Structure formats: structure tokens, C-alpha cells
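Chemist: Structure below; questions to follow.
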Amino acid sequence: DGKWWHETELRTEPLKVQRRDNRIDIVARIGDFTVTTCYRLSKSGILRKDVALRYEGDGNPKIDGTLFLLPAVGLGEDAVVLSPSFDFLRVPISQRPRFSVDMGTGAWCALHSPSQKLGIAAAFYSETEHFSVNAETIDFASSSSRVPRHAPRFSHWLGVRDRASKGWSAELGTQFFIVAEGDERKLLESLWHAWDLLGLRPLQDTPKDAFDGAFYEPAVQHTYRNITRLLPHLKQLGVKTIWLPPYTPGVYAPLDYFAIRPEVGTAEELKVLVAEAHKLGMRVLLDLIPHGPRPESELGKEQRRKFDAGLDNWICADEQGRPIHWWGCYAFDYAHPGWIAYMAKVAEHFAREFGIDGWRIDVAPGGPPNWAVVNQPYPRRRPSQSGLWGGLQVLREARNAVKRVRGEALFYPEASGPPFVVHGDFDYGFPFYFAAMRLMTMLPEEFVPSLRRWLQHQRYTFPKGGSKRIVRWLANHDNPYVQGRLGFGYSKAMFAVCALSEGVPFIYEGQDVGMTDFIARLMKLRSALRELRDGEADYLSVSVSDDAVFAVHRFWGNFHTVALVNLKSSPVTVKIRLPSPMQNWSQVGDAWTGEVHKVRKGTVELTLPAFELALLSDPIRARKLAPKPERLEPVTVQPVTISDEGFFKVGNFVVGQWREGEFKIAPGERLPFEVTEIKRSENEVIGKLAVKRRMGAVVRTVAEIRWRWTKQGNFWDYEATLQLKLPVKLARHDFAWEFKFVKPKRWRIVTVEGEIGEETIVRFERPQLLWDSSRIPPAFSDAPVSVQLPDGSWWTLTDWRGGAVQVWLHPDETLVVRIPPNEQASIAFNSVYAPKPAIRFSRLLPFISFSSAHISLNAGRLRLTLARSLGGLPIRMELIDGNKRQTVLLGSELYSDYGIFPEHDEGGAWRAEGERRLVRTVGRASACRLPDKIELLPDGVAFEGALSTTWAGHWWNLNPRVNYRLSYEIDGDGFIIRASVEPSKPMRKVRAFLALTLTFIGVEKVAVNTVKGWHEVPEIGERDWQSRHLPLNKTDPQIRLHTKAGIVALKGIEGELQNCFVVKDGDRCTVFFAWLDGEETDFKTRTVRFKVE
């Protein structure tokens, strides 16, 4: 009936109590169920509770979950709740935390009192169904006091689903209740003792060298031939395990589990790839897909025939007996012995025929409940056991099948949580990815301390040593392009965090672009310093004076290293308090730089460059591992000449020219340039090109390009303008100046988000865009593009005026720097050809700063931080008073949740055949990972993009397209914010919601200046005042927010708004500027403008 037992009037009737040693068994009846509970108390103060359930009635009740409730426990007002949740790592009980955490993140919670030095913890484990932990805070009055006190209550949920009949029984997992004296660390380490009581430990036969390198995943479209070509590069990156994308026709919707899709290659090419990888010491994994095949596959049709005939089959059925579909496939029952054996047969076949070393298992936690009722030649299972229990059976049997062939196996299940390091080789690493992506919405100085504590808490989620099995990734095929989310700088720094934390780092294709040297050297040091590879980790024992610096102590035996990573975009000088085993050292060496630092009273002081790291260890080891000075070879610079067409030549080769010496006038028509004028002097060349077109019997000039080259030493300045002579529409995107470099040695790109560069490595069988200046502006302090030619000389683009510069790398190892004209049909740039890269210093803008994907504006005492990877929306506004910073704005959104975009079918959700699950399509600016354009304004910055949506980690464009523009300009002590939205085509008679929101925190009172006077908004969590019912007064300020940091005012609100309203909930307040709010209207361009100060 949807109720829990404790919410009903069912009476608990004790039947039997038996006690022996430190164990008590209690049998009780609740309704028609018999509950057997076994309590065991260990010497370490851990109470273990095992529960079994049996149905004795004559009915057929449905069970929809079990809940293990613990009584509320109070430890005083200074108590803090500890958990593995990133949002609730350490929360004072006075804040009344309430949350749930799934088994993948960690199904435990704890409460600790610093004053009493006493704590409790609760944990859970099962291998039958998925489970989670819940925490809530209640008030209770003790017998000695009538004053209510806060107390947390923990509970665990186990997803048992079944319909019981007489004699039905189930074992319901194990719950632990722990009491521990001492500090927080001792309390949490007691969780390891709990896992020991169950005999849990990480898999013991994992190949040891698998921990000595990185995982690598190429994209789905990569061919086996191309991956084979890249193997030496992967070896250089320190890759030990290659996970190949699905080989099956249909990719993740298999049509044939034993066939290889021709798009990726042939069976012979796969054999060659595996053999070559083995020669280089790398393992190869394939992708096993147990969720089921497509209905039109032969296997799908065979099982459907059995399903329709009521015979034993592998297809999951819902409670009405309908077949279930999932990901465009039949949802097969993971727990069915026949399907488990089939998956093991597939795994064994590829190990035997191709030498495959193991598998990544897709959707490893299992599938939907199977409610099918058929005659089965095996013991009945619960419907919900097609989930976790079935997933573990597939993992175990497939792994054993590969071991029979290969002698050892490596399995990487797409799942997180303790059961998967007990039965598999690695934890997938989902929680780390989601934690890392919090950097998009958090500043480094608040993100890093939370990340360090979260990593420390994550260690206790697993049996001891299990956290070394976590694969730490920032991107994969489901969540590609980490640079789009975090920017170049954060991506580089966070990869260092992946490599220096417990676990194994992961590289997705393209993630290494521009970072090959950095990754290769870091992985080499990780292999050389055994404590980084095999040692323990303590993320809280190192004190750092700057919160934006990540720190971890890695140790193995007598070997110790303190790893530091600077997540700031500027150098920082920090003091590091070393962990106790290193505090008596007289000096430490940095294995990353080779520098030696003195230790004074256990403290070291050093400077970390932006997004760089330090590895503080024994000075002798550090010196041996330090980088060797680079030997510079003498370079002879080739002579530069300018051709009559105005093309830039180095030696005998044309390096710079208009695109292919011609440009497009109309689709399908290409015409060559004709030299009509040329003048040369010592340091200047001036010319004119004409573009002629035959019109019948007459050839006419349709356009002219006037150009000029000026030389100053090694600097070459170019200017050109385009003038149309006839009203011919110019295809502007095909008209550009291009510098082409054939097989350059190296390239280097410096942007406001960080620097990338490397030896030229072709990774793809298609052109690769390395940089687009319209999306990521160039750095202020250095030249944006440098290219090293085959002879060792360097060409540098120091500046340009024109359209957006793009840098492309083609499969034939040609690197192209493309500069199109601007809207005024002109172009100008400065370049240098010299023995070494040129450096350019521009005037820094004092009001703006960049930190990878974050952009900050400063106006008086206010600092506004914008997230480029969230469409340019604000994520913070802080009030700065000396060294104190108080946050007053916590986030923003520009979105539509109904009326504009059609509903969509929730493709990833399982459903019965013929059933559609339509959900609202929410279009957001924050789903725009890279805005179409970023524009630096004289006093601010602007972003342009389109509302998008995210699903399964990917970005999706929406139809109809709705463009937006956000601009922020400094005005005195505040910011003028302008926002506009425009559909690609006008929409008639629309009823929809579309708004820009700002969320403020620490708000004590909100007052609105209306035409009837000031109105105070009550704290009701919903709309109270709306401008369409009570318009705003035009007198400033129009909205005043009284925060703990001071008063924030919104002034000069104007625009085409249907409504403006305020929602206050607790100390949070969200202001909505709604262009559309349910009133029927024609939707064209709409704007809003206001000032916040």
C-alpha cells in the first residue's frame, strides 16, 4: 500500500530470543511476516545486524523495498555529521542536514562530537540489491531537559522488490552500528574494521602491473588501424590498459555479439592491434554489453519467440507481463543463468581468438526487475535480483571465463561501490568524475578543501585498499571533452590530481592534446616513486597556507612524498606543514623541478607556477628524477620573401597565402587571383589582387584585395582589405588567409584559459580543431600561436585584427592557422619568423581576470565570477573587505522548461513495450559547454550561444534554436547585466516559460519597490509578489536584498518581460526575470537590462 511498517499499526510480536557469547538472535512476527534478526557485537565495539524475512500468510503482498531504521542519537550541540557525500562531508548538526547517498558513493554516515571525543557510524552492505543510506535530523527532549536537542537519525534502504507467497523468504543484507572513542579519523577507520568482519577485501588476483600506468579509451569512431598507429604515443603517455569501444555492429545496441562492425576494422586488424599492444606491454579490453541486443537481431528475435510462447527466456517483463526495452534494446535478465553463460561465452571467445586481456562491462550494476512468470529449470530469483546480484554474476563468470584462457584477467565494470572491487578489478570512478566537475561551479579555494576531505572520506567506503582500485577520469565517451567543461588550466591540474591520488588515472582520446609532455613525465614519475603507485594516501595530514593548492601525503614503507597541485591561474607562494613522518627532515627535494627546499620546524615554503605541481620527497631521489636541461641545437633561419601575390615564403616554400590561392564567390564556383599591382621597397611590399569573373563573353572584376607587408627586423606586419565591385554575395566563411606548415616539429597555443603545446602528433583520421579564438580568447601576456618548422625555426603569430583565428591539424601532418576577414572585410596581423618563439606582452585589463574556465570582473568591493563552461552565467558574486570575502550570489540560470521545446522520450529509461516516457525538454544556457562566441568589451565581457540540453553526459542542440547573449559591464561600484534571447525564427502564439535567474544567499530580508510602495517578500518558498500584478516603481533601487554581508540592490530593471518575481526560501532568494511566463504571445527578440550593486 506504499507504506512502511513503522508507519502502520502493525504490531511486533516477539517469538524467540536466543543469546550466546556476543550474539543475540531475535525472531518476531510482524503481520504475516516472520523477521529473524541476528546481532553480533565485536570486541572493537561494532554491532553487526543481519536480517532475514519470511512470509507465512496466504496472500500475495508486493514488497517494494526494505528500510533499516536506527534510533536518533544525540551527542551534543557541537556534533558534526560526516558522510561520503560531497555536499555533506562535515556538517554541524545545528544545520539540520538531510540527504541520501547511494552505494556507489558510499552507504555510510557518522556523527562525531569533538568535545566528547566520541562518535557513532552506521554502514550497510549487500550483494543482492542496490542500497543507500539516508540521514535526517529530528528534535528530541532528553529526560533531564525539556529543551529540544538536534539529533540525526540514520537509515539504510535495500531495493528488494518481489511479490511474496507462502514460504517466501529473503536475506536482507548486513547493517553495522559503530561506537568509537577518539577523533574523527579513528571513528571513520572503524568502518574498515566493519568490512573486515564480513571478510571483504579487494580482489587478490588482479595483475599487479595494471596499477603502474593509465587507462586509455579511444572514441567510438576510431579504427583498429589508427589505434595501432597510435600505440607508440600511448606508450609514451604511460598507458598500460587500452579499453576499446564496442566492436559489435550497432555499437551499444548490439546486433551480433560475435561479429566486428566493419566501421572499426576487420578481425585480422584487431588481432594485429592486440599483438602490437602486447609487445609494448599494454593490455587490451573490449566492451561487454549485457543489457541486451536490439529486437531485430537474431538473438533478440529468438528470445522474443520464446517470450511470446511463454517459454523460459532472457527478456525482462514488467508486472503486466510486457517485454521491457532499454537503450533501444530488449532488457535481458542479468540474473538468468542462460544469459550469464552466454556473456561468459562471448568473453571467452574473444580472449581465445584475439588475445583480449579482459573487458569493460557496460551497465554493470544490472538491469530492471524481471517480473516474468514462466516455468524455470532453476531456483526462483526475486525480480529485483536482475539488478546488483545479476550484475555481479555476469562479472564473476565472464572474468573466470577469460582467466581459463589467458591465465589472468582484467575487468573494469561500469559501476561504483564496494561489491565491484570485491568481485572486479577496478571501481569505475563515477563519484570522482562528478566531484571533479563541481569545479565548474566552485572557486578553486573552496573546491580544493572539499575535494581533499571528500577523497579522505571516500577511502572508508571500500574495504581497506579498495580505493586504490578507483579509476579516476575526467572524460570518456559518455562525458567527452573535459577542456570544454574545465578549460585548459583546470584540466591539466585535475589530471595531476587523478595521477597523484589513490587509484589509476584515465585518459580519453583528445584529453592529452597539447599535454603530451606533461602527462608523459608525470606518469613516468608516478611509476618511479612507488608510493605514488602502490602506497597509502592521507589527504588531510598536510597543511597548506593557500586553500587553492591540493595536497596529499603518499607513503609506502619508508618512502614518503607530499604531492602539491596549484589550481590557481597565477603563481602562489605557500607554506606547507609536512606530515609527522617528514617533519624532522632537514630538507626535501622536488622531483618535478629538481629544486631542494629547506625544512624549518616541519614547514617548507615554495612557489608553485599556475596549474603546476610539486613532488616533495627525499632530496637524493628527487635529484635523480629531476628533468635534465634541454640541449638547444643551433638554428639557421631561412630567408623570407613576399611573392607578387603577396604570399609569405620561407625559403622556397609558400607558408602564408589566401586560401588555396583563391576564394569562393558563389557555391560551387572558384576563381584564381590575378596580380594587378605590385610595389616593392626595402621594408615594404604593396600590391593589389583582382578577382575576375566571366559573364558571357565579358570578363569582369568582381572584387579587389589591397594588401601591404611591412618588415621590422624579424617582425612582419600584414594588412589587407576586400572591396566588392559587383553585387555578388561573398561566401565569407571560405575567404581567409592561411598559414600552412607541412610536418612542423611542435606547436604552442596560449589562451586566457592556459597553455597547450607539444610535438606534432596526428591522432585522428579527420581534421582536428586545436583552437578557435572566438570561443577561447588569446592570452594577454604572450603570443597566441607559435609553430616550430622542420628546420627548428619558429613562426609566431603575435597579434591580429580580423575574424576569429582557428588552428587546425590535418591527417597529413599539415598545421593550418586560419585568419578570416572581419565584418568590415579587412584583415591585419603581426607575425615573427625567428630562431625561437617570440613573446608578446599586451596591456593587462585591470578589471578582468581569467582562471581556466572562470572569468572574474572587479567593480569596487564586488567581484563577479562567470563560468564559460556554463554558458557565461554567474556562479559567484562576492563582497570583498580587505582579506575577507563574503559570497552574496551563488548562481544563475537562463532556461526554458516548457512551451518552447517539444517533450522528448526519455531514451535511457527502461520501459515496457509500446510505452513512451515523455518528459519536458529543458533548454539551458548552462548546458552550452562552449558558447559560440566570447567577446571582450571595453569594460566587461559578453557571451553568445544557444539554449541546449544535456543527457547521458552529452550536449544536445535543440530545435527550435533559441540564441542568447549575456553581457556584463562594470559601472562604478556595480555591474550592468544585459541579457537577450531570440528564436532563430519568430514563434507565434507561444505559451511558455523563459527566464534569467539570480540566486542570492545569506538573505535576511527582501524588499521590492512597487508602484504602491515598498513590499517585503515573505519566506514562503513560492511566488508572493509578481510584477504583472503589482508593477515595479521606476525609481531606483527596485529590489533590495538585505544580506549578512550588506545590502545588494537591483536598479534600472527594463526590458520586454512578461513577469518579474522573487522566491525566498530560508536564507536563499532567487530573482526571476521572465521574458515568457505562461501568457500567450508572439516570441521574437526579448531583452532585459539591470544593474546590480
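Chemist: For a paramagnetic label modelled at 7 Å from the Cα of K166 toward its Cβ, which residues of the stretch 54-70 fall within the zone defined by backbone nitrogen distances under 13 Å?
Modeler: Answer for the stretch 54-70: 55-60.
Chemist: Next up: Between K524 and E605, what FRET efficiency comes out of the Förster formula 1/(1 + (r/R0)^6) with R0 = 22 Å and r the beta carbon distance, rounded to 0.05?
Modeler: Values: r = 27 Å, r/R0 = 1.24.
Here the calculated transfer efficiency is 0.20.
Chemist: Another question, if that's okay. Which of T174, H222, I855 sits farthest toward the positive end of the charge dipole of the chain, with +1 on the Cβ of Lys and Arg and -1 on the Cβ of Asp and Glu?
Modeler: I855
Chemist: Another question, if that's okay. Using a simple spin-label model with points 7 Å from Cα along the Cα→Cβ vector, what separation in nm is obtained for Q886 and A52?
Modeler: 6.1 nm
Chemist: Over the C-alpha atoms of the stretch 640-834, what are the Rg and the largest Cα-to-Cα span, Dmax, in Å?
Modeler: Gyration radius and largest Cα-Cα distance of the stretch 640-834: 17.0, 56 Å.
Chemist: Using 0.36 nm per residue, how much length does the chain from Q587 to V1011 gain when fully extended, once their Cα-Cα distance is taken away?
Modeler: Details: separation 424, 0.36 × 424 = 152.64 nm, distance 7.00 nm.
Extra length from Q587 to V1011 when fully extended: 145.6 nm.
Chemist: So for the stretch 373-521, what percent of the C-alpha to C-alpha distances run longer than 22 Å? Let's see the in-between values first.
Modeler: On the way: 5649 of 11026 pairs.
Every Cα pair in the stretch 373-521 considered, those over 22 Å come to 51 percent.
Chemist: Given R₀ = 51 Å, what would the calculated FRET efficiency be for R380 paired with K117, taking r from the Cβ atoms and rounding to 0.05? Intermediate results must be reported in sequence, preceding the final value.
Modeler: Working: r = 50 Å, r/R0 = 0.99.
Using R0 = 51 Å, I get an efficiency of 0.50.
Chemist: Can you tell me the order of 188-199, 493-504 when each peptide is scored by its average per-residue count of other Cβ atoms within 10 angstrom, highest first? Mind showing how you got there, number by number?
Modeler: Values: 188-199: 18.4, 493-504: 25.3.
Result, highest mean Cβ count within 10 Å first: 493-504, 188-199.
Chemist: Let me ask you something else. In sequence order, what are the phi-derived ³J(HN,Hα) couplings for the stretch 1029-1041 according to the Karplus relation 6.51 cos²θ - 1.76 cosθ + 1.60 with θ = phi - 60°, rounded to whole Hz, with x for glycine and proline?
Modeler: 9, 9, x, 6, 6, 7, 7, 7, x, 9, 10, 10, 10
Chemist: Can you give me the convex hull volume of the Cα atoms of the stretch 1048-1093, divided per residue and expressed in Å³? Each step should come with its number before you reach the end.
Modeler: On the way: hull volume 3.2 nm³, N = 46.
Convex hull of Cα atoms, per residue: 70 Å³.
Chemist: Can you give the three extents of the C-alpha atoms in the stretch 172-237 along their principal axes, from longest to shortest, in whole Å?
Modeler: 58, 31, 23
Chemist: How are the alpha carbon pair distances in the stretch 778-866 distributed across 5 Å bins from zero to the largest one, expressed in percent?
Modeler: Each 5 Å bin holds this share of Cα pairs: 3, 11, 16, 17, 18, 15, 10, 6, 3, 1, 0.
Chemist: Going by how many other beta carbons lie within 10 Å of each one, how would you line up T997, T921, fewest first? Please report the intermediate quantities before stating the final value.
Modeler: On the way: T997 16, T921 19.
If I rank by nearby Cβ atoms, fewest first, I get T997, T921.
Chemist: Here's something else I'd like to know. Around G417, which amide H atoms from residues at least 5 apart in sequence, or from another chain, sit under 5 Å from its own amide H, with H modelled in the peptide plane?
Modeler: Those qualifying (amide H under 5 Å, at least 5 residues apart or on another chain) are Y428.
Chemist: Of F258, T999, S781, which is farthest on the positive side of the dipole of the chain, counting Cα position, with +1 on Lys and Arg Cβ, -1 on Asp and Glu Cβ, and the Cα centre as origin?
Modeler: S781
Chemist: Using r as the Cβ-Cβ distance of F847 and R1089, and R0 as 25 Å, what FRET efficiency do you calculate, to the nearest 0.05?
Modeler: On the way: r = 20 Å, r/R0 = 0.78.
Efficiency, rounded to the nearest 0.05: 0.80.
Chemist: Pull out the extension gain between D1036 and K186, defined as 0.36 nm times the separation in residues minus the alpha carbon to alpha carbon distance; nm, one decimal.
Modeler: 300.3 nm
Chemist: With labels modelled as points extended 7 Å from the Cα through the Cβ direction, what inter-label distance (nm, one decimal) is found for E302 paired with L197?
Modeler: Spacing of the two 7 Å Cα→Cβ label points: 4.8 nm.
Chemist: Under a point spin-label approximation (7 Å from Cα along Cα-to-Cβ), what is the V596-E759 distance to one decimal in nm?
Modeler: Result for the modelled spin labels: 3.2 nm.
Chemist: Moving on to the next point. I want to verify the translational diffusion coefficient of the chain in µm²/s; compute it with Stokes-Einstein, Rh as the Kirkwood radius over Cα pairs, at 20 °C and 1.002 mPa s.
Modeler: Values: Rh = 32.9 Å.
D = 65 µm²/s.
Chemist: Tell me, what HN-Hα J-couplings in whole Hz come from the Karplus equation 6.51 cos²θ - 1.76 cosθ + 1.60 at θ = phi - 60° for each residue of the stretch 370-387, using x for Gly and Pro?
Modeler: These are the phi-based 3J(HN,Hα) values: 10, 9, 4, 10, 9, 6, 10, x, 8, x, 5, 10, 5, x, 6, 6, 6, x Hz.
Chemist: In the P(r) worked out for the stretch 208-428, what percent of Cα pairs fall beyond 33 Å?
Modeler: Counting every Cα pair in the stretch 208-428, those more than 33 Å apart make up 16 percent.
Chemist: Could you name the lysines whose alpha carbon sits less than 27 Å from that of K49, not counting residues in the same chain fewer than 8 places away?
Modeler: Hits, sequence-local ones excluded: K3, K16, K62, K117, K166, K186, K464.
Chemist: Can you give the percent of C-alpha pairs in the stretch 5-197 whose distance is more than 32 Å?
Modeler: Details: 3635 of 18528 pairs.
For the stretch 5-197, the fraction of Cα-Cα distances above 32 Å is 20 percent.
Chemist: Report the equivalent ellipsoid semi-axes for the stretch 591-650 in whole Å, largest first, defined as the square roots of five times the eigenvalues of the gyration tensor built from alpha carbon atoms. Before the final figure, lay out each step's value.
Modeler: Values: eigenvalues 433, 47, 13 Å².
In descending order the semi-axes read 47, 15, 8 Å.
Chemist: A follow-up question, please. In the stretch 853-1092, how does Rg compare with the Kirkwood Rh, expressed as the Rg/Rh ratio over alpha carbon atoms? Intermediate results must be reported in sequence, preceding the final value.
Modeler: Details: Rg = 18.4 Å, Rh = 18.8 Å.
Across the stretch 853-1092, the Cα-based Rg/Rh ratio is 0.98.
Chemist: May I pose another question? Averaging sequence separations of C-alpha pairs under 8 Å and six or more residues apart, then dividing by the length of the stretch 513-630, give the relative contact order as a whole percent.
Modeler: Details: 243 pairs, mean separation 26.5, N = 118.
Contact order relative to length: 22 percent.
Chemist: Tally the DSSP beta bridges in the chain and give the antiparallel ones as a percent, rounded to 5.
Modeler: Expressed as a percentage, antiparallel bridges in the chain total about 95.
Chemist: By how many nm would the segment from E268 to T573 lengthen if fully extended, with 0.36 nm per residue of separation less the alpha-carbon distance? Numbers along the way, then the final one.
Modeler: Details: separation 305, 0.36 × 305 = 109.80 nm, distance 5.54 nm.
Extra length available between E268 and T573 comes to 104.3 nm.
No lab work stands behind these numbers, since they all come straight from the coordinates. In this text the structure is predicted, and so the values were computed from the model without any measurement. Quick reminder, even Gly has a Cβ in these numbers, built from the backbone with ideal geometry, and neighbours come from all protein chains shown.
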